[in-house]
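Worksheet for the structure shown next.
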Amino acid sequence: MAPLEKADLLQGTLDLLILKVVALGPVHGYGISQRIRQISDAVLLVQQGSLYPALHRLEKRGWLAADWGESENGRQAKFYRLSAAGRKQLATEQETWNRLSKAVVQILETAH
Amino acid sequence: MEGLRRLFHRLVPRSVSDDAMDREIGHHIAELAQSYIAQGLTPDEAHRRAMLEFGGCEQVKQTIREVHVSALAESIAFNAQAASRFLRKSPTFSIAVILTLALAIGANSAVFSAIDAVILRPLPYPSGDQLAVLYQHDAKGRDANHFVAPVRLEDWNRMNSTFQAISGYYLDDLSETSGSLPERVTEALVAPRFLQVMEVSPALGRPFTREEEHWAGPDAVLISDGFWERRFHRDPSALGKRLKVGTFSYSIVGIMPPSFQFPNRDVDLWAPSAPDAPYALRREATWFTVIGRLKPGVTLQAGTADLATVQSQLGKQFPKPDADLIVQTEPLKETIVGGVRSSLLLVYGSVSLLLLIACSNIAALLLARTAEREHEISIRYSLGASRMSIVTQLLSEVFALALLGSLTGLLVAAGASHAFHLLAKTLPRAEEITLNWRVAVYSLTAAVATTILCGLFPALRGTRRGLAQGLASGSRTQASTRNPLQWALVMVQVTLAVTLLIGAGLLLRSLQAIARVYPGFDPTHVLTFQVSGSWGETSDMKGVVQRIDRTLDGLRALPGVTDVATSGTLPGVSSLYQTEFKIDGNVQPGHPILADNRFVSVGYFGAMQIPLLVGETCRQTPSTNDVMVNRAFADRYMSGASAVGHQLSAAAYNDFQTQGMIRGIVGDAREEGLNILPVPTVYSCFNAPNPFPNYLVRTQGDPMAMAETIRRRIHELEPSRSVYGISSLQEHLDDASTENRLRTTLLSLFAATAVALACIGLYGTLSYMGRLRQREVGVRLALGALRSQIVARFLFQGIRAAVIGCLAGLALGLGLSRFLTGMLYGVTALDPTTYASVICLILLVAALASLVPSVRAASVEPVKVLRED
């Protein structure tokens, strides 16, 4: 499948994806973009131009916390992890997303 | 601590550093490049591809920056909105808090503006901290004369290596007679290099030339901005005009800028005093107050050591009198403001205690308020707000209050800075006190500090999660009825109020004690004034003596005048001039005969009503030199009545030699000030200690009513001289104690406010407790408790807080009272009466303040409150 364009991502979806990926364990920016790409089978390509501002915004809101550490290749990297508030936020957003997507699917399947 | 740090970062967000962003982005690019290398690209090519794929680094960084800025802006806007909603929702509460803070921060800022202008800011001369006053001092302490001989000043200036220049001045009060009426002017006669030392130049015209500073050089005078305004209406053509001052005539060469008022704000003229004048050549002829400007980077200590070396060289060169002299120095600023520092700091300390009381008062109010908002807070929690954001919101509300309070307080400070100007007579540099940005910044800082002091505790406490969640179900609470923190705040208020009250009490009792003292002379019905004269006249001392005698005779003949006299210094106004004497030419080694040396005319004892105890009153004739001594002198040095007939002479050699026979012994008088015990005193009976002595006229009626008559008579006698400084002696005595009365008044005012605030705090806390415990009281009453028991329980709580506060206040007061030593008279810093009355007063008002809310708390209707549930 061809990668989706950035504009096709729903507002707020990127946040949800980031929270979800970070929930798996502390990870740096590069790692997040790689994971999203791998897990979505390269359908979703996150532009660095939106990834980093989003990371800072989530950190600012207190959903992500960040520490400097050493990456698997021995480089200094900023590792993001989920805060307690972020975990709650992830649950809320996931719930919202599920309801939304379910509703959308329902409409698409029944409204023939 | 972690919480505080996070809170701080929430209020003042970390600006994201470029370095951190670079490192983060750099890491991404490095990882990307690595993956390309793994795919087989050369490192260079891999790096280029990675950069390309990442896109514009700068653009990404800019977007990140915007994230941070907009988060801050959003947070500010949100909290500001919440705060303004809060203010509008409870206007009475808000206004009460704002007014309390306005008064507390305003008073604090006002006193700060005075401290800033008087103590903290450098003198208004360029590099004012380089200026120092230099004195010559008799190493053996035989002579209190600190003035410096012109020749010695020139030696110091020539021989030192640490001062840029040394100059000096003395003042003459003269008449200027070029106008239609003689006008009194104050002239500063200045040594060479005066303007160079002060580093000022005339606003118009030019400074003195070298020639003008020498004897018999061209005459020249600089005039003050005030004199220029008064006499010439700021007409620039004043330059070159001639002034007739005393017996001299000068032409005006320059006009000084308005800011230059040295040595004091009354100076009208500056004229050179030539060090090479024939009368100035003797090393005993001393008259200059000496000012030196240190070289940049040289400490006063180094300068003093340097001058000490210079003076010891002079001591070898001129053993008499220089061998006995040492050099003393003091920063000029210290000379000007040193005297009021302790008073100002005392007032500042008290007003800061007051601010603390106001803060704890408001903290208690907020504590009660946040407790009442538990419901609102728990709702915000359940909506997903973090504790940090709620605390931030609560603090923003307090900050809004504090900010409004401090802005209103600036109005108070502005009013106070005008009031300070009225104190110019007592407070040095008072005219420099203004409301400026430093005061505004201080006030703003006070608002921030107040926010943290008042708001942090209540906010942290009110947002404890467990409490708030437990309360989400209903608004009734059992948890907060105990409120130890609330009571702790009341105790703090009582403690500080007691401390202030002790200070005020001690000062008040000192003032009372001073008022009860009989000074040994009668200051009522005495008019004082001076008649202009010039030091130049002293070359004909006989003429000066005759002139003053003529004036005294002329005044004595006036109806309504009972006695007249002259005196070098005013009685009851501090001017100690300690001199060592020899009796019949003998000095007793190890037992110096030190006495205050005062020059008075023979009528002085009659005019001041100082009783003659032994012998007769002195006479002054061209051939006699009589002195009188007081009882303290006779008792201490001559064992009583045998003093009469002995010869007294000054031990040190200087121009104003006192020498004469003791004619009689007079009663002790508090010549040095009403609060200073009489010291051994020698009165030299000489009517002309200087060309413009103080006249003392005892009148039958109100002395000020005679002022015009006396002024006219002197104009008849001495048409070319002016009369100045007319006021009653009583007024001079009052002026001398202004600083004392002022600080006492201020401290009493602060203490009264503090007590009022503490009472309000106590009252408020008890009322609040009463409301919280309505249900409990209802149950108790329903179960048969007596209302009097309930009242007693509440009263007990209030009084217990007051008692604990009193004890803590006593301890604090005891500790702080040592700051008052030196300001007290007739009471010790540990005066039991004061402490006891303070305790009684506080307990009484605390009981009164507790009574009303206690009674109200007990007056609930059980049926009503129980049904409400």
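Of note:
- Share antiparallel - DSSP beta bridges, the stretch B:141-278, percent rounded to 5: 70
- Remark: the residue B:716-residue B:542 segment gains 60.5 nm on full extension, using 0.36 nm per residue and subtracting the alpha carbon distance.
- Neighbours of residue B:785 by Cβ distance under 15 Å: Lys/Arg scored +1, Asp/Glu scored -1, total +3.
- Among B:632, B:381, B:76 the positive-end extreme of the charge dipole of the protein assembly as shown (Cβ point charges): B:381
- Charge sum, other residues only, whose C-beta stays under 14 Å from residue B:349's C-beta, Lys/Arg counted +1 and Asp/Glu -1: +3
- Taking amide H as placed 1.01 Å from N in the peptide plane, residue B:191 has its amide H under 5 Å from the amide H of B:168, B:169, B:273, each at least 5 places away in sequence or on another chain.
- Close amide-amide hydrogen proximity is noted between residue B:613 and B:665, B:666, B:667, each under 5 Å apart and 5 or more residues distant or on a separate chain (H modeled in the peptide plane; Pro and chain starts excluded).
- Expressed to the nearest 5 percent, the antiparallel share of DSSP beta bridges inside the protein assembly as shown is 80 percent.
- Counting only Cβ charges, +1 for Lys and Arg and -1 for Asp and Glu, the dipole size of the protein assembly as shown around its Cα centre is about 3940 debye.
- Classified by the C-alpha gyration tensor, the stretch B:498-610 has an oblate form. Its axis ratio a/c, with a ≥ b ≥ c, is 1.5 or above, and a/b does not exceed b/c.
- Counting other Cβ atoms within 10 Å as a rough exposure proxy, the listed residues B:623, B:817 run B:623, B:817 from fewest neighbours to most.
- Members of B:140/B:295; B:295/B:320; B:140/B:316; A:20/A:88 lying beyond 22 Å, as alpha-carbon distances in this model show: B:140/B:295; B:295/B:320
- Ranked A:52, B:577, criterion: other C-beta atoms within 10 Å, fewest first: B:577, A:52
- Chain B - mean residue ellipticity at 222 nm from DSSP helices (-39,500 (n - 2.57) per run, n ≥ 4, rounded to 500): -17000 deg cm²/dmol
- Around the Cα centre of the stretch B:533-721, unit charges on the Cβ atoms of Lys, Arg, Asp and Glu (plus for the first two, minus for the last two) sum to a dipole of about 220 debye.
- Listed residue (B:666, B:709, B:677) projecting farthest to the positive dipole end of the stretch B:653-712, Cβ model: B:709
- Near residue B:246, once Lys and Arg are set to +1 and Asp and Glu to -1 for all other residues with Cβ below 10 Å from its Cβ, the sum equals -3.
- Gyration tensor verdict on the stretch B:30-122 (Cα atoms; rounded if a/c is under 1.5, prolate if a/b is larger than b/c, oblate otherwise): oblate
- The dipole here belongs to chain B: it is taken about the Cα centre, uses +1 on the Cβ of Lys and Arg and -1 on the Cβ of Asp and Glu, and is about 3620 debye.
- Projected label distance in nm at residue B:385 and residue B:22, using a 7 Å step from Cα toward the beta-carbon: 4.1
- Estimated inter-spin distance, residue B:279 and residue B:214, nm [label 7 Å along Cα→Cβ]: 2.2
- Applying 1/(1 + (r/R0)^6) with R0 = 25 Å to the Cβ-Cβ distance of residue B:635 and residue B:137 gives a FRET efficiency near 0.30.
- A simple spin-label model places the labels of residue B:37 and residue B:676 8.7 nm from each other, with each point 7 Å out along Cα-to-Cβ.
- Along the axis of the charge dipole computed for chain B (Cβ charges of +1 for Lys and Arg, -1 for Asp and Glu, origin at the Cα centre), the listed residues B:795, B:402, B:515 are led at the positive end by B:795.
- By other beta-carbon atoms within 10 Å, ranking B:518, B:768, B:825, B:348 with the fewest at the front produces B:518, B:348, B:825, B:768.
- Estimated purely from DSSP H runs of n ≥ 4, each contributing -39500 (n - 2.57), the mean residue ellipticity at 222 nm for chain A is -18000 deg cm²/dmol once divided by its residues.
- Counts of other chain beta carbons within 10 angstrom of each beta carbon in peptide A:49-57 average 6.
We did not get these values from a lab; they are worked out from the coordinates using the rules stated. This structure is a prediction, so every number in the text was calculated from the model and none was measured. A quick note on method: Cβ atoms are made from the backbone with ideal geometry, for glycine too, and the neighbour counts reach across all protein chains shown.
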